[in-house]
Amino acid sequence: MFKKSLFIVGLALIWSSGGQAAQECRIEGDGPVKDVLFTAQVNCHLAEILAKTLQKAALFSPRQPDISLIIGDKAGNASFDNGSVIRIPQFMFFTDRAGNTFPASSDQLEKVVVHEYGHAVLKELWKREFAQEFATLFADLESLSSIVVENTKKKISGRGVRQRGQQLAMSEAYSLFYKTLPAYSELYADTLTVLYFAESGAMFQALHFAHLSEEKSLGVELRDFSKQHDLRSIEKTNDAHTRLSLVRSYLGRMMQNLDKEGRQALLARVEQAITLAAREELRSPGQTSALGENLRLIELLQNLDPANRPLEMME
Ligand SMILES: [Zn+2]
């Protein structure tokens, strides 16, 4: 398929189309999106919606890491590569029980892209906090991302990139990271999204589709911060995206009636608590049960809550 790419230069997105007539997608304002690259058809309208959403979400966030947005054609999900690349399809689709596919709305894509940005925001903190364990890994992942971006601009497929990716995946740091921290990163990415949109059901809305399979449906329900979840459902899904959903219920209650500053303060407490919990997890990887991890994190959050008296903090 003919591929076009699109780069942001200053305030503008410009694609170079390998000999075709030039076209610009203009996006006003500055933000964390440094490149937008299309691997299928160019869609300036979508690029603008997503880049503007990320501009606003970055202003809400405690840190504003730069990212490159690679917008593909059709896929069932989006991703952040733990370097600097967010991949998102133009047509994110849901699959019903009969295998038919239905496209997500642009409202849903906005929530999904903020979720992916949440991973990038947390990674900036963890680069410092877990420098000893993961500085080299994150640096390697970032340089891999830069190569991916350059290759996508030049429309080169990346055999070398795949090899480097595979080598990284075999490193000790990589397996330690993926054994211990994904559930924390997923929780943080969801938390940033629900707090930014000021809707405890934001992640549910982003991923909900009426005719999902029962299994997928449960996985989406467990992302809803407005519901009280139970351990049985968490254990049934056995997934990093839902492992800490008792904490999601707790945060859903905590965020009620908070104004913007209150939600930003809660986000700051969440990242502090998550980092403390992650540090404990790294001391004894894989030893704590899902229930234990949920309760530990809720306790850390309670201890960091200025509304709790110091005496209770000693407990
Ligand atoms: Zn995620």
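Things to note:
- Looking only at segment 184-228, and only at residues there that are away from the ligand (no atom under 13 Å from the Cβ) and small (Gly, Ala, Ser), the one that is surrounded by the fewest Cβ atoms within 10 Å (Cβ to Cβ): 210
- Of everything listed in (1) of a type outside the set (Lys, Arg); (2) over 15 Å from the mean Cα position of the chain (by Cα); (3) surrounded by 21 or more Cβ atoms within 10 Å (Cβ to Cβ), the single unmet condition for residue 91 is (3).
- Taken over segment 54-87, the criterion of being away from the ligand (no atom under 16 Å from the Cβ) and outside any strand (DSSP E or B) is satisfied by 55, 56, 58, 59, 60, 62, 63, 64, 66.
- Matching residues, segment 178-190, being of a type outside the set (Lys, Arg), under 21 Å from residue 134 (Cβ atoms) and in contact (Cβ under 8 Å) with a residue 24 or more places away in the chain: 180, 181, 182, 183, 184, 185, 186, 187, 188, 189
- Residue in segment 60-69 that is more than 30 Å from residue 167 (Cβ to Cβ) and in contact with a Cys (Cβ under 8 Å, 6 or more places away or on another chain) present: no
- Given (1) in contact (Cβ under 8 Å) with a residue 12 or more places away in the chain; (2) in a loop (DSSP other than H, G, I, E, B); (3) surrounded by fewer than 16 Cβ atoms within 10 Å (Cβ to Cβ), index of the condition residue 107 fails: (2)
- Qualifying residues in segment 240-264 (those that are away from the ligand (no atom under 16 Å from the Cβ), part of a loop (DSSP other than H, G, I, E, B) and polar (S, T, N, Q)) - the one nearest to residue 274 (Cα to Cα): 256
- In the set (1) modelled with pLDDT of 95 or more; (2) in a helix (DSSP H, G or I), the condition left unmet by residue 151 is number (1).
- Selection status of residue 168, assigned to a helix (DSSP H, G or I), in contact (Cβ under 8 Å) with a residue 60 or more places away in the chain and closer than 29 Å to residue 62 by Cβ: no
- Filtered residue count, segment 110-134, keeping only those that are in a helix (DSSP H, G or I) and either among the hydrophobic types (A, V, I, L, M, F, W, C) or more than 14 Å from the ligand (Cβ to nearest atom) (or both): 17
- Any chance residue 6 is buried (at least 22 other Cβ atoms within 10 Å of the Cβ) and modelled with pLDDT of 65 or more: no
The values are calculated or read from the model by the stated rules, or taken from the named source; none is laboratory data. Fair warning: this is a prediction, and the values are worked out from it, not measured in the lab. For neighbour counting, all protein chains shown are included, and Cβ atoms are generated from backbone atoms with ideal geometry for every residue, glycine included.
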